[in-house]
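Notes follow once the structure below has been shown.
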Amino acid sequence: MKAGANVLKTSLSQTAIPTATLWQLIQNELYKLWKHRVTWILLGVDLFFVFTAWCVLVFYAMKTHEGFEPGHLLGGAEALRNALSQPLILGRRGGMFITAALGGLAFGSEFSNGSIRLILSRGVNRAAYLLSKYIALAVVCLALVIASLLLSAVLTSLLILFHQPAPTLLSLDGPTLQSVLAVCVGSYESFLFCLLFGAALALVARSAAFGMAASFAYLIGEDIAAQILPVLSKALHTQLGNQIVDVLYTTNLNAFYADMLPKFLAQGLDRIDGVVACTPVGNICVASSPIQSLLIVLVWGLVLAGVPTLLFLKRDVLQ
């Protein structure tokens, strides 16, 4: 009788445990990311890329002896806009690798260390758990963008120590702020895509190493594909072939990023930046429209978020 009573009390106590809300799960994921040393290492690496890009910008501006003159990169009315935006644009490429690694680690490590089994065995809703991780990682991506912007602003304010005159934050106006925010929005979009890509590969393979390695291989391979796709487009002289190439062009979603930038900044992007924001037509390269690039963003975003989610909800992840 006592044994039966103890079993009954135990079962009642277990059923009385309240399930965590979505907000509580998000707080828990943010706390784990905050305490994880890798998160801070990746943030430091991202800021290092921005700092390196700024150093390269200043080096070339001072080497030419005309970089601070009107009509050049760090001179004239657009000097502050260039000084704030260029480090963000050049540093964005490194940030894409960082967020892909973050997505792969955040999801893949849950399988390797058994955390996911422990959490789901306590009755946590799978969909809520997955959504909380996505939201927490999106917050981290936003923090990366904001930290990069703040570092770029601090470095820009130091330009006057290297050369006088130099652009300062005192000349910040509406158009400059709008251009810089457009760069930040485009960077955030690229970071979210790489995050989804790394997370999707890690969820499908249940491996952080595979998620990171495969996403890195893709980011490197897209630069190689940027050299091959124009050749394929010229070889496929059919409407269907050109449409297929159009989709292949923007699987990296960088065309939308280029559309977010002011034209004078977008012209500085090339294939080494992972941007193929045009479609070969004859001997010319026609820029993809913002509507086309936005649709590609939505389609690939839904694929990267939807397929792994369905697999995660349907598969037995407790084994």
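Just so it is clear, none of the values below were taken in a lab; they were calculated from the coordinates. Note that the structure is a prediction, hence the values are computed from the model and not measured. Every residue, glycine as well, gets a Cβ built from its backbone with ideal geometry; the counts of neighbours run over all protein chains shown.
Assorted remarks:
- Reduced Cα scattering model of segment 106-216, Debye log10 I(q)/I(0), q = 0.15, 0.23 Å⁻¹: -0.77, -1.25
- Segment 300-315 and segment 108-148 have Cα centres separated by 15 Å.
- Highest-first arrangement of 202-214, 125-137, 296-308, where packing means the average Cβ count within 10 Å: 202-214, 125-137, 296-308
- Around residue 106: net Lys/Arg minus Asp/Glu count, Cβ-Cβ under 15 Å: +3
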